[in-house]
Amino acid sequence: MKALHTLHSALCRFAFAPEPSALPVLLLVHLNIVLYAFCYWLCQPVLPFLMKELGADAVAFGGFQTVFSLMQLIGGPWVGRMSDAASPRFAMVVTQMASGLSYVILGLSRTPLMLFVSRIPTALM
């Protein structure tokens, strides 16, 4: 019972009271997550209208969403290995650059095919 209490208190200290030197890193990671989520959810409501304006139908939009999920399914393990092999900081930079590239291609798209191409860099996110 004492060992369980010691383990619980150690986990609480680790989870809820990080070292002061870790606070800037945690703040940066959380800021990164907020920035990515903001950009992602800013684009999501616009995509069906953009697809329709470029001449695609509802089936193409479903395929578009499927390509995004498939790219993340393929790229997730690869990014995890990259993070383990190189460093988490390097992986974070690569994922943010891939996200930015995806949004730039999305913004420059003039055809439904280019919208699909814009989802290829999401394999690195």
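Of note:
- Pair list, Cβ under 6 Å, 6 or more apart: region 87-105 residue closer than 15 Å to Arg119 by Cα, other residue open to solvent by less than 40 Å² (accessible area, probe 1.4 Å) and in a helix (DSSP H, G or I): Ala98/Pro121; Leu101/Pro121; Ser102/Pro121; Ser102/Thr122
- Scope region 79-88; condition in a helix (DSSP H, G or I) and surrounded by 12 or more Cβ atoms within 10 Å (Cβ to Cβ); matching residues: Val79, Met82, Ser83, Pro88
- Hey, Val94 modelled with pLDDT of 90 or more and either open to solvent by 40 Å² or more (accessible area, probe 1.4 Å) or in a helix (DSSP H, G or I) (or both) or not: no
Yes/no matrix, rows are residues, columns are (1) more than 16 Å from Tyr103 (Cα to Cα); (2) touching a Phe, Trp or Tyr at 6+ places or on another chain (Cβ under 7 Å); (3) surrounded by fewer than 15 Cβ atoms within 10 Å (Cβ to Cβ):
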{"position": "Leu42", "(1), (2), (3)": "no, no, yes"}
{"position": "Pro48", "(1), (2), (3)": "no, yes, yes"}
{"position": "Met51", "(1), (2), (3)": "no, yes, no"}
{"position": "Val59", "(1), (2), (3)": "yes, no, yes"}
{"position": "Phe68", "(1), (2), (3)": "no, no, no"}
{"position": "Ile74", "(1), (2), (3)": "yes, no, yes"}
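- Looking only at region 97-122, and only at residues there that are closer than 15 Å to Ser69 by Cα and open to solvent by 20 Å² or more (accessible area, probe 1.4 Å), the one that is nearest to the chain's Cα centre (by Cα): Ile120
The values are calculated or read from the model by the stated rules, or taken from the named source; none is laboratory data. Keep in mind that what you see is a predicted model, and the values were worked out from it rather than measured. When we count neighbours, we look across all protein chains shown, and the Cβ atoms used for this are built from the backbone with ideal geometry, even at glycine. Please note that ligands, DNA and RNA were not included when accessible areas were found on the heavy atoms of the full protein model with its side chains. Shrake-Rupley method; radii C 1.70, N 1.55, O 1.52, S 1.80 Å.
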